[in-house]
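The values are calculated or read from the model by the stated rules, or taken from the named source; none is laboratory data. Given the structure is predicted, the values throughout are model-derived calculations rather than measurements. When the accessible area is computed, the model is the full protein with side chains, heavy atoms only, and any ligands, DNA or RNA have been set aside. Shrake-Rupley method; radii C 1.70, N 1.55, O 1.52, S 1.80 Å.
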Amino acid sequence: MSGSFRGSDVVSVRDLSREQIERVLTVAERMVPIARGEEKSDELSGKVLGSLFYEPSTRTRLSFEAAMTRLGGRTLGFDEPKGASVAKGETLADTIRMVDAYSDVIVLRHPQEGAARLAGHFAVNPVINAGDGAGQHPTQTLLDLFTIRKEKGGVDGNHVVIVGDLKYGRTVHSLSEALSMFGAKLTFVAPPTLQMPREQIAHIESKGLEPTISSSLEEVLADADVLYMTRIQKERFPDPAEYQKVAGAYALTRALLRDAKDDMIVMHPLPRVNEIHPEVDGTPHARYFEQAFNGVPVRMALLSLVLGGSE
Ligand code: NCD
């Protein structure tokens, strides 16, 4: 991707430079009052978003739709492929060609890694990856960075402890790459079978960072500035018995938080299953609901940039 976003696909964090990421975060700041409904905008009036979700989603799909609506644009698409011609055997390529003709930008979530990159080859308009299997989830990362920057005053120098399913979790693949670009200190906590893939660690090391690898949340929690919890990705396990072995591996409670720094924040891309106990919601550490809201201004910024509104 060149310096400009206009007309570009957003498939992987690796396609983005630090300057481009900072541009999205700066534009997102400006979008906050519009995202809250306090100010009105018709910046994307007449524009259409094609929203194709081949996998379940609440926050990503609805915050993209809210973002488009708040900027005066419209959304069409499907939230499960059963109701679309996919059920009749239509290929991804053909569906993309059609929706490309009906819209100005496509947001795609798909169970297969590489699907968004492929879709980008068939679409003339920009394709934004809203999660491709266990691959990447770049827009989640943008809102995660926005949240860290807002809550901690910046990203650089923070110790970010990432916990849970680091093997199949696409949010943490994108996030750890971005954090290595911003010079955060990284610790990866997972059962050995769900640790960060070797290729991912090699990429982070190539940026000059040496992430700490651990399987114990208790051992590393006291030193964390940001604790990023994730769900074990049940749907990606080839064998349900393997899932059972690691289900419930980490569960954050109030008791565990006793060791945390006063200003440590807890994040989670959501949905959570049992990795954050609801009793944590009322502590001064919890930021996951604010994080979920931040998806709206950040996606507004991205849509505005790829559609050429905020250059
Ligand atoms: C995540 C995803 O879909 O990868 N959810 C989200 O977009 N907020 C995380 C998850 O499903 O566990």
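Here are the numbers for the structure shown:
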{"read-out": "Solvent-accessible surface ranking, highest first, for LEU143, LEU270 at 1.4 angstrom", "value": "LEU270, LEU143"}
{"read-out": "Separation of alpha-carbon centers, region 255-290 and region 5-62, rounded to whole Å", "value": "26 Å"}
{"read-out": "Three-way shape call for the chain based on the alpha-carbon gyration tensor, with the a/c threshold at 1.5", "value": "prolate"}
{"read-out": "Amide H contacts of ARG287 (H built 1.01 Å from N, under 5 Å, at least 5 apart or other chain)", "value": "VAL266"}
{"read-out": "Mean ellipticity per residue at 222 nm, deg cm²/dmol - from DSSP H runs of n ≥ 4 across the chain, formula -39500 (n - 2.57)", "value": "-11000 deg cm²/dmol"}
{"read-out": "Per-residue HN-Hα couplings for region 8-20 [Karplus 6.51, -1.76, 1.60; θ = phi - 60°; Hz; x = Gly/Pro]", "value": "8, 6, 10, 10, 9, 4, 5, 7, 9, 8, 4, 4, 5"}
{"read-out": "Gyration tensor (alpha-carbon) shape descriptor, region 125-272, a/c threshold 1.5", "value": "rounded"}
{"read-out": "Nearest-ten-degree value, helix 59-70 long axis tilted from longest Cα axis of the chain", "value": "50 degrees"}
{"read-out": "Contour excess over end-to-end distance, with Cα ends at THR193 and ARG258 and 0.36 nm allotted per residue", "value": "20.6 nm"}
{"read-out": "Relative contact order (percent, whole number), region 149-308, Cα cutoff 8 Å, 6+ residue spacing", "value": "22 percent"}
{"read-out": "Counting DSSP beta bridges with both ends in region 138-292, the antiparallel % (nearest 5)", "value": "0 percent"}
{"read-out": "Per-residue ³J(HN,Hα) for region 96-104, Karplus 6.51 cos²θ - 1.76 cosθ + 1.60, θ = phi - 60°, Hz, x for Gly and Pro", "value": "4, 4, 5, 5, 4, 6, 9, 9, 9"}
{"read-out": "Tilt relative to the chain, helix 288-306 - C-alpha long axis, 0 to 90 degrees, to 10", "value": "40 degrees"}
{"read-out": "Heavy-atom SASA rank of THR75, THR95 (probe 1.4 Å, accessible area, largest first)", "value": "THR75, THR95"}
{"read-out": "Share of carbon and sulfur in the accessible heavy-atom surface of region 160-311 [1.4 Å probe, %]", "value": "50 percent"}
{"read-out": "Listed pairs LYS152/LYS207; LYS185/LYS261; LYS82/LYS234; LYS152/LYS261; LYS40/LYS152 exceeding 24 Å between Cα atoms", "value": "LYS40/LYS152"}
{"read-out": "Contour excess over end-to-end distance, with Cα ends at ARG36 and ALA241 and 0.36 nm allotted per residue", "value": "69.4 nm"}
